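> Here it is: the structure, laid out below.
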Amino acid sequence: MTGIAGKVIAITGASSGIGAAAAAHLAGKGARLVLGARREDRLHAVVDQIVAQGGSAVGAVIDVTRRADLKLLTDTAVHQYGRLDVLVSNAGTMAVSPFDELRQDDWDAMVATHVNGLLNGIGAALPVFRRQRCGQFVNVASTAAYVVKSPQGVYAATKTAVKVLTEALRQESGPDLRVTLVSPGFTDTEGVGKGASPSVAEAMIRQRDEIAIPPSAVASAIGFAIEQPAGVDISEVVVRPTVQA
Ligand code: NDP
(Lines give C-alpha, C1' and ligand atoms only; values in the text may rest on other atoms or scores of the structure.)
Protein backbone atom coordinates (compact mmCIF):
# COMPACT_ATOMS: atom_id res chain seq x y z
CA MET A 1 0.00 0.00 0.00
CA THR A 2 1.46 3.38 -1.01
CA GLY A 3 0.71 6.66 0.72
CA ILE A 4 -0.96 7.18 4.09
CA ALA A 5 -4.72 6.85 3.45
CA GLY A 6 -6.08 3.61 4.84
CA LYS A 7 -2.88 2.61 6.62
CA VAL A 8 -3.20 1.37 10.18
CA ILE A 9 -0.66 3.29 12.25
CA ALA A 10 0.08 2.80 15.96
CA ILE A 11 1.82 5.65 17.78
CA THR A 12 3.31 5.54 21.29
CA GLY A 13 3.47 8.75 23.29
CA ALA A 14 0.43 10.10 21.46
CA SER A 15 -1.10 12.00 24.38
CA SER A 16 0.91 15.20 23.75
CA GLY A 17 3.67 16.88 21.75
CA ILE A 18 5.15 15.19 18.70
CA GLY A 19 3.03 12.04 19.08
CA ALA A 20 -0.23 14.01 19.21
CA ALA A 21 0.88 16.17 16.27
CA ALA A 22 1.79 13.05 14.26
CA ALA A 23 -1.63 11.59 15.05
CA ALA A 24 -3.40 14.74 13.82
CA HIS A 25 -1.24 14.92 10.67
CA LEU A 26 -1.70 11.26 9.76
CA ALA A 27 -5.43 11.27 10.56
CA GLY A 28 -5.80 14.26 8.23
CA LYS A 29 -4.31 12.13 5.48
CA GLY A 30 -6.71 9.25 6.09
CA ALA A 31 -4.72 6.92 8.35
CA ARG A 32 -6.52 4.68 10.84
CA LEU A 33 -4.84 5.17 14.19
CA VAL A 34 -4.18 3.28 17.40
CA LEU A 35 -2.82 5.74 19.93
CA GLY A 36 -0.97 4.79 23.11
CA ALA A 37 0.17 6.65 26.25
CA ARG A 38 -0.27 6.48 30.04
CA ARG A 39 -2.42 9.59 30.73
CA GLU A 40 -5.91 8.39 29.89
CA ASP A 41 -7.54 11.85 29.90
CA ARG A 42 -4.98 13.40 27.57
CA LEU A 43 -4.95 10.38 25.29
CA HIS A 44 -8.71 10.36 24.93
CA ALA A 45 -8.75 14.09 24.25
CA VAL A 46 -6.49 13.43 21.23
CA VAL A 47 -8.63 10.50 20.08
CA ASP A 48 -11.88 12.47 20.53
CA GLN A 49 -10.57 15.41 18.52
CA ILE A 50 -9.55 13.18 15.62
CA VAL A 51 -12.90 11.38 15.63
CA ALA A 52 -14.79 14.70 15.87
CA GLN A 53 -12.97 15.81 12.71
CA GLY A 54 -14.06 12.68 10.85
CA GLY A 55 -10.90 10.66 11.39
CA SER A 56 -10.49 7.12 12.66
CA ALA A 57 -8.65 6.53 15.96
CA VAL A 58 -8.81 4.38 19.07
CA GLY A 59 -6.80 4.77 22.27
CA ALA A 60 -4.94 2.20 24.37
CA VAL A 61 -3.66 3.16 27.80
CA ILE A 62 -0.16 1.73 27.80
CA ASP A 63 3.19 2.09 29.49
CA VAL A 64 5.89 1.26 26.93
CA THR A 65 8.20 -0.05 29.63
CA ARG A 66 5.81 -3.01 29.98
CA ARG A 67 6.16 -5.67 27.30
CA ALA A 68 2.51 -6.73 27.57
CA ASP A 69 1.33 -3.17 26.94
CA LEU A 70 3.01 -2.99 23.52
CA LYS A 71 1.38 -6.32 22.69
CA LEU A 72 -1.94 -4.74 23.72
CA LEU A 73 -1.27 -1.83 21.34
CA THR A 74 -0.49 -4.03 18.33
CA ASP A 75 -3.30 -6.48 19.19
CA THR A 76 -5.71 -3.53 19.32
CA ALA A 77 -4.67 -2.57 15.78
CA VAL A 78 -5.18 -6.10 14.48
CA HIS A 79 -8.53 -6.61 16.26
CA GLN A 80 -9.89 -3.17 15.37
CA TYR A 81 -8.61 -2.81 11.83
CA GLY A 82 -7.37 -6.28 10.79
CA ARG A 83 -3.73 -5.26 10.34
CA LEU A 84 -0.87 -2.98 11.39
CA ASP A 85 1.09 -1.06 8.78
CA VAL A 86 3.30 1.24 10.87
CA LEU A 87 4.49 1.45 14.47
CA VAL A 88 5.76 4.90 15.47
CA SER A 89 7.85 4.48 18.65
CA ASN A 90 7.83 8.01 19.98
CA ALA A 91 7.24 7.79 23.76
CA GLY A 92 10.01 9.52 25.65
CA THR A 93 11.11 11.52 28.63
CA MET A 94 13.74 14.27 28.65
CA ALA A 95 14.59 13.94 32.35
CA VAL A 96 18.09 15.31 31.92
CA SER A 97 20.41 16.18 34.82
CA PRO A 98 24.11 16.38 35.67
CA PHE A 99 25.60 13.07 36.87
CA ASP A 100 26.55 14.61 40.24
CA GLU A 101 22.87 14.99 41.15
CA LEU A 102 22.59 11.17 41.08
CA ARG A 103 19.02 11.19 39.79
CA GLN A 104 19.22 7.46 39.26
CA ASP A 105 15.46 6.89 39.00
CA ASP A 106 15.46 9.30 36.05
CA TRP A 107 18.38 7.43 34.44
CA ASP A 108 16.44 4.17 34.83
CA ALA A 109 13.27 5.75 33.41
CA MET A 110 15.08 6.97 30.28
CA VAL A 111 16.67 3.56 29.70
CA ALA A 112 13.35 1.80 30.31
CA THR A 113 11.31 4.16 28.13
CA HIS A 114 13.67 4.65 25.20
CA VAL A 115 15.55 1.35 25.04
CA ASN A 116 13.20 -1.24 26.58
CA GLY A 117 10.21 0.66 25.20
CA LEU A 118 11.59 0.46 21.67
CA LEU A 119 12.48 -3.22 22.04
CA ASN A 120 9.02 -3.97 23.41
CA GLY A 121 7.57 -2.35 20.30
CA ILE A 122 9.83 -4.36 18.00
CA GLY A 123 8.88 -7.54 19.86
CA ALA A 124 5.18 -6.84 19.47
CA ALA A 125 5.10 -5.53 15.88
CA LEU A 126 7.75 -7.60 14.09
CA PRO A 127 5.75 -10.88 14.10
CA VAL A 128 2.73 -8.99 12.73
CA PHE A 129 4.82 -7.36 9.98
CA ARG A 130 6.46 -10.70 9.08
CA ARG A 131 3.05 -12.39 8.87
CA GLN A 132 1.71 -9.63 6.61
CA ARG A 133 4.98 -9.46 4.61
CA CYS A 134 4.95 -5.69 5.03
CA GLY A 135 5.24 -3.05 7.72
CA GLN A 136 7.23 -0.04 8.84
CA PHE A 137 8.97 0.97 12.03
CA VAL A 138 9.36 4.72 12.62
CA ASN A 139 11.56 5.33 15.64
CA VAL A 140 11.91 8.78 17.19
CA ALA A 141 15.42 9.54 18.45
CA SER A 142 16.88 13.05 18.83
CA THR A 143 19.70 15.26 17.64
CA ALA A 144 21.20 14.15 20.99
CA ALA A 145 21.89 10.84 19.22
CA TYR A 146 24.35 12.75 17.00
CA VAL A 147 26.00 15.22 19.39
CA VAL A 148 26.34 14.82 23.15
CA LYS A 149 25.82 18.03 25.07
CA SER A 150 26.28 18.01 28.84
CA PRO A 151 24.26 17.40 30.98
CA GLN A 152 22.32 15.20 28.55
CA GLY A 153 24.57 12.14 28.95
CA VAL A 154 22.00 9.48 29.84
CA TYR A 155 19.36 10.93 27.52
CA ALA A 156 21.87 11.07 24.66
CA ALA A 157 23.08 7.53 25.37
CA THR A 158 19.55 6.13 25.24
CA LYS A 159 18.76 8.05 22.05
CA THR A 160 22.02 6.81 20.53
CA ALA A 161 20.81 3.30 21.40
CA VAL A 162 17.58 4.06 19.51
CA LYS A 163 19.67 5.10 16.48
CA VAL A 164 21.87 1.99 16.62
CA LEU A 165 18.93 -0.40 17.14
CA THR A 166 17.09 1.23 14.24
CA GLU A 167 20.01 0.75 11.85
CA ALA A 168 20.51 -2.85 13.00
CA LEU A 169 16.80 -3.54 12.52
CA ARG A 170 16.92 -2.00 9.05
CA GLN A 171 19.80 -4.28 8.07
CA GLU A 172 17.86 -7.36 9.21
CA SER A 173 14.48 -6.27 7.93
CA GLY A 174 14.71 -7.60 4.36
CA PRO A 175 12.81 -6.31 1.34
CA ASP A 176 9.32 -6.38 2.87
CA LEU A 177 9.85 -4.02 5.80
CA ARG A 178 10.84 -0.36 6.10
CA VAL A 179 12.71 1.12 9.04
CA THR A 180 12.97 4.86 9.64
CA LEU A 181 14.77 6.95 12.23
CA VAL A 182 13.37 10.45 12.84
CA SER A 183 15.58 12.68 14.99
CA PRO A 184 14.07 15.99 16.09
CA GLY A 185 15.97 18.94 17.41
CA PHE A 186 14.40 21.45 19.81
CA THR A 187 10.64 21.08 19.36
CA ASP A 188 7.97 23.13 21.06
CA THR A 189 6.35 20.56 23.37
CA GLU A 190 5.46 20.30 27.03
CA GLY A 191 8.10 17.57 27.35
CA VAL A 192 11.02 20.04 27.18
CA GLY A 193 12.17 20.61 30.75
CA LYS A 194 9.51 18.31 32.21
CA GLY A 195 11.12 15.91 34.65
CA ALA A 196 14.51 17.53 34.14
CA SER A 197 16.62 18.68 37.07
CA PRO A 198 15.62 22.20 38.20
CA SER A 199 19.28 23.10 37.60
CA VAL A 200 18.78 22.67 33.83
CA ALA A 201 15.01 22.80 33.22
CA GLU A 202 14.82 26.59 33.14
CA ALA A 203 17.54 26.87 30.48
CA MET A 204 15.90 24.13 28.39
CA ILE A 205 12.53 25.88 28.50
CA ARG A 206 14.12 29.23 27.63
CA GLN A 207 15.90 27.68 24.64
CA ARG A 208 12.69 25.96 23.54
CA ASP A 209 10.77 29.22 23.71
CA GLU A 210 13.48 31.01 21.70
CA ILE A 211 14.28 28.53 18.93
CA ALA A 212 11.97 25.49 18.85
CA ILE A 213 10.22 24.27 15.72
CA PRO A 214 6.53 23.30 15.99
CA PRO A 215 5.71 19.61 16.55
CA SER A 216 3.86 19.69 13.22
CA ALA A 217 7.27 19.97 11.50
CA VAL A 218 8.33 16.64 12.99
CA ALA A 219 4.91 15.17 12.22
CA SER A 220 5.39 16.12 8.55
CA ALA A 221 8.76 14.35 8.50
CA ILE A 222 7.13 11.21 9.93
CA GLY A 223 4.39 11.45 7.31
CA PHE A 224 6.95 11.91 4.53
CA ALA A 225 8.68 8.66 5.52
CA ILE A 226 5.37 6.78 5.65
CA GLU A 227 3.91 8.05 2.37
CA GLN A 228 6.78 6.80 0.18
CA PRO A 229 6.13 3.92 -2.23
CA ALA A 230 6.58 0.43 -0.71
CA GLY A 231 10.09 -0.15 -2.05
CA VAL A 232 11.42 3.21 -0.83
CA ASP A 233 12.95 3.37 2.64
CA ILE A 234 13.56 6.79 4.18
CA SER A 235 16.16 5.49 6.59
CA GLU A 236 17.04 8.63 8.50
CA VAL A 237 15.60 12.13 8.92
CA VAL A 238 16.99 14.91 11.13
CA VAL A 239 14.62 17.85 11.57
CA ARG A 240 15.71 20.82 13.68
CA PRO A 241 15.55 24.60 13.95
CA THR A 242 17.86 26.33 11.48
CA VAL A 243 19.42 28.19 14.41
CA GLN A 244 20.17 25.06 16.45
CA ALA A 245 23.93 24.50 16.66
P1 NDP B 1 5.95 15.14 25.33
O2 NDP B 1 6.27 15.07 26.78
O3 NDP B 1 4.92 16.07 24.87
O4 NDP B 1 5.54 13.69 24.81
C5 NDP B 1 6.06 12.51 25.35
C6 NDP B 1 5.03 11.44 25.15
O7 NDP B 1 5.56 10.18 25.60
C8 NDP B 1 3.77 11.71 25.94
O9 NDP B 1 2.65 11.37 25.14
C10 NDP B 1 3.87 10.75 27.12
O11 NDP B 1 2.56 10.39 27.50
C12 NDP B 1 4.62 9.58 26.46
N13 NDP B 1 5.30 8.71 27.39
C14 NDP B 1 6.35 9.01 28.20
N15 NDP B 1 6.72 7.92 28.89
C16 NDP B 1 5.88 6.92 28.52
C17 NDP B 1 5.74 5.57 28.87
N18 NDP B 1 6.54 4.99 29.78
N19 NDP B 1 4.78 4.83 28.28
C20 NDP B 1 3.95 5.38 27.38
N21 NDP B 1 4.03 6.66 26.98
C22 NDP B 1 4.98 7.41 27.55
O23 NDP B 1 7.34 15.40 24.60
P24 NDP B 1 7.76 15.34 23.06
O25 NDP B 1 6.58 15.28 22.19
O26 NDP B 1 8.74 16.41 22.87
O27 NDP B 1 8.55 13.96 23.01
C28 NDP B 1 8.27 12.94 22.04
C29 NDP B 1 9.57 12.28 21.65
O30 NDP B 1 10.38 13.21 20.95
C31 NDP B 1 10.39 11.78 22.83
O32 NDP B 1 10.93 10.51 22.52
C33 NDP B 1 11.50 12.82 22.93
O34 NDP B 1 12.67 12.29 23.50
C35 NDP B 1 11.68 13.15 21.46
N36 NDP B 1 12.36 14.43 21.23
C37 NDP B 1 11.80 15.62 21.60
C38 NDP B 1 12.48 16.81 21.40
C39 NDP B 1 11.93 18.13 21.81
O40 NDP B 1 12.67 19.14 21.76
N41 NDP B 1 10.67 18.23 22.18
C42 NDP B 1 13.81 16.82 20.75
C43 NDP B 1 14.29 15.52 20.38
C44 NDP B 1 13.59 14.38 20.61
P45 NDP B 1 2.08 9.95 28.96
O46 NDP B 1 2.80 10.79 29.95
O47 NDP B 1 0.61 10.21 28.88
O48 NDP B 1 2.40 8.49 29.04
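The values are calculated or read from the model by the stated rules, or taken from the named source; none is laboratory data. The model shown is predicted, which means the values in this text are computed figures rather than measured ones. Reconstructed Cβ throughout: ideal geometry from the backbone, glycine too, with neighbour counts over all protein chains shown. Note: accessible area is taken over every heavy atom of the protein model, side chains too, but ligands, DNA and RNA are not part of it. Shrake-Rupley method; radii C 1.70, N 1.55, O 1.52, S 1.80 Å.
> Before rounding to the nearest 500, sum -39500 (n - 2.57) across all DSSP H runs of length at least 4 in the chain and divide by the residue total; then give [θ] at 222 nm in deg cm²/dmol.
Values: 8 runs with 110 residues, N = 245.
Helices in the chain give a 222 nm mean residue ellipticity of -14500 deg cm²/dmol.
> Related question: Hey, got the Cα dimensions of the chain along the principal axes, in Å, largest first?
Extents along the principal axes: 49, 40, 36 Å.
> For every other residue with a beta carbon closer than 14 angstrom to the beta carbon of residue 170, add +1 if it is Lys or Arg and -1 if Asp or Glu, then tell me the sum.
Details: positive: 163, 178; negative: 167, 172, 176, 233, 236.
Within the 14 Å Cβ shell, the charges total -3.
> What accessible area per residue comes out for the chain, rounded to a whole number of Å², with a 1.4 Å probe?
Per-residue accessible area for the chain comes out at 45 Å².
> Still on this structure: Assigning unit charges at the beta carbon (Lys, Arg +1; Asp, Glu -1) and nothing else, what dipole magnitude in debye, to the nearest 20, does the range 1-101 show about its Cα centre?
In debye, rounded to 20, the range 1-101 gives about 400.
> Still on this model: What aspartates and glutamates could a cross-link reach from residue 71, if we take a straight Cα to Cα line under 16 Å and drop same-chain neighbours fewer than 8 places away?
The reachable aspartates and glutamates, counting only those whose Cα sits under 16 Å from residue 71, are 63, 85.
> Show me, for the range 114-127, the HN-Hα J-couplings you get by feeding each phi into the Karplus relation (A = 6.51, B = -1.76, C = 1.60, θ = phi - 60°), rounded to Hz, glycine and proline as x.
Listing the rounded values in order: 7, 8, 5, x, 5, 5, 4, x, 4, x, 7, 8, 4, x Hz.
> Which whole number in µm²/s is D for the range 123-245 by Stokes-Einstein, with the Kirkwood Rh taken over Cα pairs at 4 °C and 1.567 mPa s? Let's see the in-between values first.
Details: Rh = 15.6 Å.
D, rounded to a whole number, is 83 µm²/s.
> Can you list the residues of the range 177-192 with backbone N under 18 Å from a point 7 Å past the Cα of residue 206, pointing along Cα to Cβ?
The answer is 186-187, 192.
> Grab the Cα-Cα distance for residue 104 and residue 68, subtract it from 0.36 nm times how many residues apart they are, and report the gain in nm with one decimal. Present the calculation step by step, with values, prior to reporting the outcome.
Working: separation 36, 0.36 × 36 = 12.96 nm, distance 2.48 nm.
The residue 104-residue 68 span can extend by a further 10.5 nm.
> Return the Rg/Rh ratio of the range 77-174 with Cα-based radii and a Kirkwood Rh.
Ratio of gyration radius to Kirkwood radius for the range 77-174: 1.06.
> Counting only protein heavy atoms and a 1.4 Å probe, tell me what percentage of the range 112-245's accessible area is made up of carbon and sulfur.
56
> Straight distance only, please: which lysines reach the Cα of residue 149 with their own Cα at less than 25 Å, same-chain residues fewer than 8 apart left out?
Here the lysines satisfying the reach criterion relative to residue 149 are 159, 163, 194.
> If you don't mind, another one. For residue 70, what charge total do you get from the other residues with a beta carbon under 14 Å from its beta carbon, if Lys and Arg give +1 and Asp and Glu give -1? Working shown, then result.
Working: positive: 38, 66, 67, 71; negative: 63, 69, 75.
After counting each charged neighbour, the total is +1.
> If you line up the long axis of helix 153-173 against the longest principal axis of the chain, both from Cα atoms, how many degrees apart are they, to the nearest 10?
So the inclination is approximately 30 degrees.
> 5 Å is the cut-off here: which amide hydrogens, built 1.01 Å from N in the peptide plane, fall below it relative to residue 135, excluding neighbours closer than 5 in sequence?
Excluding prolines and chain starts, which carry no amide H, the hits are 178.
> Additional query: Can you give the angle from 0 to 90° between the axis of helix 198-211 and the longest principal axis of the chain, with both taken from C-alpha atoms, to the nearest 10?
60
> So if each residue of separation counts as 0.36 nm, and I subtract the Cα-Cα distance between residue 232 and residue 216, what length gain in nm does that give? Let's see the in-between values first.
Working: separation 16, 0.36 × 16 = 5.76 nm, distance 2.29 nm.
Full extension of this stretch gives 3.5 nm more.
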